[in-house]
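Each reported figure results from applying straightforward, stated rules to the coordinates on display, with no laboratory input. This structure is a prediction, so every number in the text was calculated from the model and none was measured. Virtual Cβ from ideal backbone geometry, glycine too; neighbours counted across all protein chains shown.
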Amino acid sequence: AQKVTQAQTEISVVEKEDVTLDCVYETRDTTYYLFWYKQPPSGELVFLIRRNSFDEQNEISGRYSWNFQKSTSSFNFTITASQVVDSAVYFCALSEWDSGYSTLTFGKGTMLLVSP
Amino acid sequence: DAGVTQSPTHLIKTRGQQVTLRCSPKSGHDTVSWYQQALGQGPQFIFQYYEEEERQRGNFPDRFSGHQFPNYSSELNVNALLLGDSALYLCASSSGQVISPLHFGNGTRLTVT
């Protein structure tokens, strides 16, 4: 069965620090998708990125970057020069072939607190 | 372009009662999924509706049921409420025709007393 582990429950940093959120997953499928979502206090889950299991290229979007390594089953998320607005709970998630890639298995989330 | 909308925002019910939550998907989306998020946990998949039928279901008891209407909106019903049903219920929509990211609503906070 699929599983997503986010070992860091809570991370506190000071503004402008870089921070990396870890995600480790388990799946028996060879084709799957990985996601990161952000959940601010309002509750809505905001989509950040989707990565196909065949695409191991790292991706950068502004201050955000993602490091996907199949060899270690990890999909880590780095925020460079963090800002107070980055404070939220971040979830890593996995979808697999047997769900048509349309349902998500989430980790427990990492709460990021960025102080001024 | 309206995103996913859910109602009500908050709800307080008594153990044993029944509740109905509502969701309107993002424009252009035809698939609706429901997730339960307990405090301090990640969302857990309840079920998914496509073409007015339940297409997939997670590990939730039959007390949880749903419906999808011809306009793609959806309802989640929970019968015989338990204290453990207290959670944030999230609705997500997507397109059934392509592999697309889920778009989530703000959720309904259900408190069972």
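Rounded to the nearest 0.05, what FRET efficiency is calculated for B:Arg63 and B:Leu39 with R0 set to 22 Å and r the Cβ-Cβ distance?
About 0.65, to the nearest 0.05.
Can you tell me the relative contact order of chain A? Whole percent, Cα pairs under 8 Å, sequence separation 6 or more.
About 38 percent, as a whole number.
Choose one answer from A:Asn58, A:Asn76, A:Asn67: the residue with the largest mean-square fluctuation in a GNM of chain A with alpha-carbon springs under 10 Å.
Maximum among the listed residues: A:Asn58.
Please order B:Ser24, A:Ser71, B:Ser86 by the number of other Cβ within 10 Å, starting at the fewest.
A:Ser71, B:Ser86, B:Ser24
In a GNM of chain B with a 10 Å cut-off on Cα contacts, which of B:Gln56, B:Gln41, B:Gln68 has the highest mean-square fluctuation?
B:Gln41
Tally Lys/Arg at +1 and Asp/Glu at -1 over every other residue whose Cβ is under 14 Å from the Cβ of B:Leu21; what's the total?
+2
For B:Ala38, what charge total do you get from the other residues with a beta carbon under 14 Å from its beta carbon, if Lys and Arg give +1 and Asp and Glu give -1?
+1
Write out the trypsin sites (Lys or Arg not before Pro) in region A:1-60 meeting two conditions: DSSP loop, and at most 13 other Cβ atoms within 10 Å of their Cβ.
Hits after loop and neighbour filter: A:Lys16, A:Arg28.
Taking K and R as +1 and D and E as -1, what net charge do the other residues with C-beta under 13 Å from the C-beta of B:Glu54 add up to?
Overall, the nearby charge balance is -3.
Using R₀ = 22 Å, calculate the FRET efficiency as 1/(1 + (r/R₀)^6) where r is the Cβ-Cβ separation of A:Ala1 and A:Phe54; round to 0.05.
It comes to 0.50.
From Cα pairs below 8 angstrom and at least 6 apart in sequence, can you work out the relative contact order of chain B, rounded to a whole percent?
So the answer I get is 37 percent.
Of the GluC sites (Glu not before Pro) in region B:41-113, which ones lie in a loop per DSSP and count no more than 14 other C-beta atoms within 10 Å?
B:Glu51, B:Glu52
Are there chymotrypsin sites (Phe, Trp or Tyr not before Pro) in region A:32-111 that DSSP marks as loop and that have at most 14 other Cβ atoms within 10 Å, and which are they?
A:Phe54
How high is the FRET efficiency from B:Glu52 to A:Thr80, r the C-beta distance, R0 45 Å, rounded to 0.05?
Efficiency, rounded to the nearest 0.05: 0.50.
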